[in-house]
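Scroll down for the structure; my scribbles are underneath it.
The values are calculated or read from the model by the stated rules, or taken from the named source; none is laboratory data. Because the structure is predicted, anything quoted here is derived from the model rather than measured. Positions of Cβ are generated from backbone atoms using ideal geometry, with glycine treated the same way; all protein chains shown enter the neighbour counts. The accessibility values were calculated without ligands, DNA or RNA, using every heavy atom of the protein model including side chains. Shrake-Rupley method; radii C 1.70, N 1.55, O 1.52, S 1.80 Å.
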Amino acid sequence: MALLQTIQQMGQGLLGAAWLPVWTVVKILVIVLPIMGTVAYLTLAERKILGWMQVRPGPNRVGPWGLLQPLADGIKLLLKEVIIPANSSKYLFLAAPVLALAPALAAWAVIPFDDGMALADVNAGLLYILAITSLGVYGIIIAGWASNSKYAFLGALRSLAQIVSYELAMGFALVCVLLAAQSMNMGDIVRGQQSQYGLLGWYFIPLFPMFVVYFIAGVAETNRAPFDLAEDESVIVAGFHTEYSGMGFALFFLAEYANMILISALTSVMFLGGWLSPVPFLPNSIIWLLVKMSFFLFLFLWFRATFPRYRYDQLMRLGWKVFIPLTLIWVAVVAAWMQTPLWLW
Amino acid sequence: MNFETLVFYLFAAMSVFAALRVITVRNPVYAALFLVLAFFSMAGIWLLLEAEFLAITLVLVYVGAVMVLFLFVVMMLDVDLVQLREGFWRWFPFGVVLAAIMVFEMVMVLGARQTSETGVHLAKHAADYSNTKELGRLVYTDYVYPFELAAVLLLVAIVAAIALTLRRRKDVKSQNVAQQIAARREDNVRMVQMPAEKKGSVAGNQESEKA
Amino acid sequence: MANNFFKTFLLLELLKGLSVTGRYFFARHITVEYPDEKTPQGFRFRGLHAQRRYANGEERCIGCKLCEAVCPALAIKIEIAEREDGTRRTTQYDIDLTKCIFCGFCEESCPVDAIVETRVFEYHGEKCGDLYYTKPMLLANGDKHEEQIAMDRAADAKYR
């Protein structure tokens with residue numbers, strides 16, 4: 001902390017008024033670069049874990065234990081030709097991957113990594129998250145439409161209907177958190193979960209159904225298995241990114257994994273007390289947040305290794321007929337519960 | 001000109017440009033996307049006014065949900081542009097009159113406030129000022145009846161929309177997912193106990209044939 | 001009914017599925033990492049073809065064409081002629097390995113154990129033509145692997 005202050009003072013002395021934007025850019029880089037690194041190694045972790053669950057070793061040829069595999073994949077994708085399909089709308093086709101990735105990264109602005117450690121400690125943090133995550137779908141729709149390909153278009157339509165349906169369940173689940181925390185500030189939500197009993201104070205206990213619904217809806221929002229109908233390879237080739245190659249494809253890939261990490265971080269912050277320690281005798285620290293996030297990321301991969309893909313009508317039924325009524329009821333339950341002395345959180 | 005003014009003009013220019021493109025661009029999908037851009041720039045302007053709740057809600061509701069559904073429909077529709085532009089000049093005077101009336105109304109509404117409160121600048125709020133909380137308080141106290149009325153109207157609209165589109169088609173064979181999920185093994189599988197075949201009855205015959 | 005309800009909403013079946021994959025996560029992987037490790041082969045392994053000779057160096061094949069007749073993939077082509085010493089011999093004996101399905105019928109049908117399939121499976125051709133094996137190539141194969149071929153035939157003999 002003292003070191004940070006000296007750096008800040010030095011910067012202010014050197015650059016004066018221009019220091020603030022420079023410092024913000026530095027902070028953004030400090031958040032974004034580790035995310036990019038995590039995404040790279042998450043792809044390796046996914047292939048390794050899927051491999052282990054299928055009783056095989058996973059990639060192990062590039063570097064020791066396959067540790068250089070993400071690097072090899074990245075270089076391959078960078079060097080590949082970007083093919084623009086005939087009769088596609090070129091600008092939208094090229095803009096779509098960027099539109100997919102940008103919200104996935106922008107949402108990180110309000111995630112508190114530790115007490116007071118957030119890029120932007122805004123009051124409407126929760127709303128901001130909801131708004132930004134709902135924008136990710138534009139990348140997918142535009143990609144599907146601009147590709148001028150029926151597979152891409154079908155994938156985009158599927159993903160669109162899916163995201164719109166599950167966003168509602170997700171939003172209602174977050175409304176419960178908002179009720180419990182009585183704040184939309186992400187830092188306050190975590191601080192509201194602080195108690196002398198460690199993990200008993202976290203919101204996943206009173207809001208357990210919402211916790212489950214939120215994470216499952218999160219899996220659906222990121223188009224991950226078993227909800228990966230948008231890129232249902234046995235039916236619509238690769239879905240919305242059928243026509244993408246090289247860097248465009250890599251950006252979609254990055255966006256998907258960045259979204260996975262984001263959902264893990266959000267679930268940890270909203271329901272599992274973010275940076276709070278699960279037991280009172282250990283100090284709170286950012287490490288707890290990372291541990292919780294890793295757990296959820298592992299769940300993502302575990303789900304993919306276990307469950308077969310949903311059929312489309314089953315997916316819609318789950319979203320509209322199960323999750324939305326369940327979340328609506330729980331909003332009422334929590335609101336009533338909070339008026340009674342039985343509410344201990 | 002300070003930084004905030006610069007940002008304001010940037011957003012204002014963007015929204016005017018985007019709004020113009022919405023009505024001039026030929027392809028309806030592009031028009032919808034320009035409308036999204038217009039919403040975005042308006043959200044930016046609202047943010048400058050410290051109305052962060054409204055700005056984010058605009059993005060969340062209009063950009064995140066309404067325009068997505070719009071795009072959904074526009075992409076699926078096979079819009080015939082020639083047919084669309086057929087009656088343009090016939091309806092043009094009517095459109096101009098309508099636009100003029102709307103501009104006049106807007107000027108009246110906005111202009112009245114401008115003149116009555118000339119020189120009054122928006123007060124700067126403290127850092128812990130919560131726009132959301134203020135808005136919530138107003139909506140549930142002073143404006144509770146209009147607010148509830150709007151909510152009821154929306155509900156009626158939802159019911160009406162569903163009632164208009166709901167129809168049972170007899171020729172469609174759809175699966176009953178609830179029934180499929182509720183199916184248990186016991187419903188469909190019957191375990192049958194059968195005595196084991198004696199050696200020499202069937203297998204024995206084959207042996208003898210081979211020999 | 002109530003049972004079903006709890007089963008559905010407690011996600012019991014999903015948890016059961018997760019526990020299966022979870023257990024296998026810790027299981028020892030059974031992959032054979034090919035260039036470093038190889039799976040064991042049996043003496044009936046059907047790999048690359050070879051033509052055998054008798055101990056005195058005389059080729060076994062008598063040109064009976066049984067293998068050509070039995071080959072389901074029509075991969076074998078045989079031409080015969082009389083040799084100077086009056087015996088019937090093949091002048092051409094080709095196996096097109098791009099057609100061959102390695103069923104082992106040729107080996108099975110051969111009255112003199114002339115055409116056999118060896119344990120060799122790591123061979124390649126860079127053009128289609130490279131996989132068209134002619135008589136000298138097959139004989140060379142047989143010469144090269146004769147020891148192994150003889151051992152495999154001997155091991156299999158008591159089951160025939």
Amide proton proximity set for A:SER277, modelled H, under 5 Å, gap of 5+: A:ASN284, A:SER285
Linear extension gain, C:PHE121 paired with C:ASN56, 0.36 nm per residue minus alpha-carbon span: 20.6 nm
Point-charge dipole on Cβ atoms (K/R +1, D/E -1) for the stretch C:34-160, about Cα centre, debye to 20: 320
Within the protein assembly as shown: Cβ-based charge dipole about Cα centre, in debye rounded to nearest 20 (Lys, Arg +1; Asp, Glu -1): 1320
Whether chain A is rounded, prolate or oblate, judged on the alpha carbon gyration tensor where a/c under 1.5 counts as rounded: oblate
In Hz, Karplus ³J(HN,Hα) per residue of the stretch C:15-25 (6.51, -1.76, 1.60; θ = phi - 60°; x = Gly, Pro): 5, 4, x, 4, 5, 5, 5, x, 5, 5, 4
Computed FRET value (nearest 0.05) for C:VAL70 with B:GLN175, which takes r as the C-beta separation and R₀ as 45 Å: 0.30
Cβ crowding within 10 Å averaged over residues, with A:265-275, A:317-327 ranked highest first: A:265-275, A:317-327
Residue mean of other protein chain beta carbons inside 10 Å, A:136-143: 3
Area of C:HIS29 that stays accessible when all protein chains are in place (1.4 Å probe, Å², to 10): 70
Highest to lowest packing among A:70-80, C:81-91, scored as the average C-beta count within 10 Å: A:70-80, C:81-91
Whole-Hz ³J(HN,Hα) from phi, Karplus 6.51 cos²θ - 1.76 cosθ + 1.60, for the stretch B:14-31, glycine and proline x: 4, 5, 5, 4, 5, 5, 5, 5, 4, 8, 9, 6, 7, 7, x, 5, 4, 4
Within the protein assembly as shown, helix-based [θ] at 222 nm, where runs of 4 or more DSSP H residues each add -39,500 (n - 2.57), nearest 500: -19000 deg cm²/dmol
Placed amide H near C:ILE80: partners under 5 Å, 5+ positions off or other chain: C:THR91
Average partner coverage of A:159-168, which counts Cβ from other chains inside 10 Å: 2
Average beta carbon contacts from partner chains per residue of A:43-55, 10 Å cutoff: 3
Net charge contributed by nearby residues that have their C-beta within less than 14 Å of A:ARG47 (K/R +1, D/E -1): +2
HN-Hα J in Hz across the stretch A:242-253 - Karplus 6.51, -1.76, 1.60, θ = phi - 60°, x for Gly and Pro: 4, 8, 8, 9, x, 5, x, 5, 4, 5, 4, 4
Euclidean distance of C-alpha centroids, the stretch A:69-113 and the stretch A:247-274, integer Å: 15
Point-charge dipole on Cβ atoms (K/R +1, D/E -1) for the stretch A:255-345, about Cα centre, debye to 20: 260
Unit charges at the beta carbon, dipole of chain A: most positive-side option, A:LEU315, A:ILE287, A:ALA18: A:LEU315
Listed peptides A:238-245, B:10-17 by packing density, highest first (mean Cβ within 10 Å): A:238-245, B:10-17
Local net charge near C:TYR123, Cβ-Cβ under 12 Å (Lys/Arg +1, Asp/Glu -1): -1
Cross-link table A:LYS321/B:LYS173; A:LYS150/C:LYS99; A:LYS150/C:LYS7, entries beyond 29 Å C-alpha to C-alpha: A:LYS150/C:LYS99; A:LYS150/C:LYS7
Highest-fluctuation residue, A:LEU42, A:LEU154, A:LEU29 considered, GNM on chain A with Cα pairs under 10 Å: A:LEU29
Those Cys residues of chain C for which no other cysteine Cβ falls under 4.7 Å: C:CYS61, C:CYS64, C:CYS71, C:CYS100, C:CYS103, C:CYS110, C:CYS128
Nearby lysines by direct alpha-carbon distance to B:LYS133 (threshold 26 angstrom, same-chain neighbours under 8 apart not counted): B:LYS124
Between 0 and 90°, nearest 10: helix C:135-157 axis offset from chain C longest Cα axis: 60
Candidate aspartates and glutamates - alpha carbon under 19 Å from A:LYS48, same-chain residues fewer than 8 apart omitted: A:ASP73, A:GLU256, C:GLU33
